[in-house]
1. Could you identify the single residue in 202, 172, 216, 190 that is within 16 Å of the chain's Cα centre (by Cα) and not charged (D, E, K, R)?
2. Restrict the check to region 130-137 and report whether at least one residue is surrounded by 15 or more Cβ atoms within 10 Å (Cβ to Cβ), farther than 24 Å from residue 108 by Cα and touching a His at 6+ places or on another chain (Cβ under 8 Å).
3. Test residue 116 against the criterion of being in a helix (DSSP H, G or I) and in contact with a helix residue (DSSP H, G or I) (Cβ under 6 Å, 6 or more places away or on another chain), and give yes or no.
4. Return yes when residue 185 is at pLDDT below 90, over 21 Å from the mean Cα position of the chain (by Cα), farther than 24 Å from residue 221 by Cβ and part of a helix (DSSP H, G or I) and no when it is not.
5. Go through (1) part of a loop (DSSP other than H, G, I, E, B); (2) free of Cβ contacts under 8 Å to residues at least 60 places away in the same chain and name the single condition residue 199 misses.
Amino acid sequence: MQEEILKFFNVEFTEVKELTERLTRVGNTKALLIFSDLFKLLNVLELYSREDWSDEDKFVAISNYLEYEDNDYRFSSLFIIPIRQEIHLKFRNSIAVNSIDQLKLQFQGRKYKDLLQAHIREMSLVKLEMAILGSIAAFNSEEKEIAKITIEECLQIGKNKEFWHKGCDVILLEVCSKFRRLLSRNNYELEDKVQFNMFQLLTMYFASMALQSKALRKHIGIRKNIFFR
């Protein structure tokens with residue numbers, strides 16, 4: 001696909017890159033906008049065509065790129081939206097949980113802080129961030145907006161130390177209930193696996209924060225490892 005696009009515009013990838021950099025240096029804003037659109041598209045296609053990456057790494061990279069780039073340009077309807085949809089479906093279909101009730105039984109007897117403790121000892125910050133991106137990619141646009149609100153509300157609740165000492169099963173139900181309630185305003189029905197994805201996103205987000213903050217680990221009551229708080 002990348003070769004077809006290059007052929008259509010009669011340009012080489014390196015030429016577009018060099019021209020974009022040159023226009024940036026001389027400050028030719030109008031011309032730069034035209035070529036930067038193509039350059040953004042080629043960046044996505046370059047990521048998409050990497051043969052040395054796994055599909056998961058490739059889609060996470062594209063998802064991350066698209067999340068933080070300005071994508072309001074003429075090629076988006078032809079190329080960016082289909083790629084976003086493919087990313088979304090890949091991660092949504094990869095969620096393995098079928099039943100919240102079944103998961104609740106598996107979580108019984110385990111405190112939520114202990115789940116976070118396991119994550120920060122077993123996963124690096126990079127892996128946690130990739131898991132967060134994967135969870136975000138599994139949501140559609142409406143779910144993403146509600147997920148942000150859910151996280152913000154849980155951050156406020158988490159200021160109370162008792163929150164972290166609750167059972168995982170209790171937190172699971174509370175988070176899923178909050179997520180459902182916020183989405184139900186639009187008569188929205190949720191599959192169990194999408195509700196679990198909200199819990200998973202929140203947990204990975206908390207774990208990534210705790211991994212980077214000694215003060216937060218102390219507040220929660222967990223340690224970075226057996227030697228250091």
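The values are calculated or read from the model by the stated rules, or taken from the named source; none is laboratory data. Note that the structure is predicted; figures quoted are calculated from it, not measured. Every residue, glycine among them, receives a Cβ derived from its backbone with ideal geometry; neighbour counts consider all protein chains shown.
1. It is 202.
2. Yes, because at least one residue in region 130-137 is surrounded by 15 or more Cβ atoms within 10 Å (Cβ to Cβ), farther than 24 Å from residue 108 by Cα and touching a His at 6+ places or on another chain (Cβ under 8 Å).
3. Considered against the rule, which asks whether it is in a helix (DSSP H, G or I) and in contact with a helix residue (DSSP H, G or I) (Cβ under 6 Å, 6 or more places away or on another chain), residue 116 comes out as yes.
4. Yes.
5. With (1) part of a loop (DSSP other than H, G, I, E, B); (2) free of Cβ contacts under 8 Å to residues at least 60 places away in the same chain applied to residue 199, the lone miss is (1).
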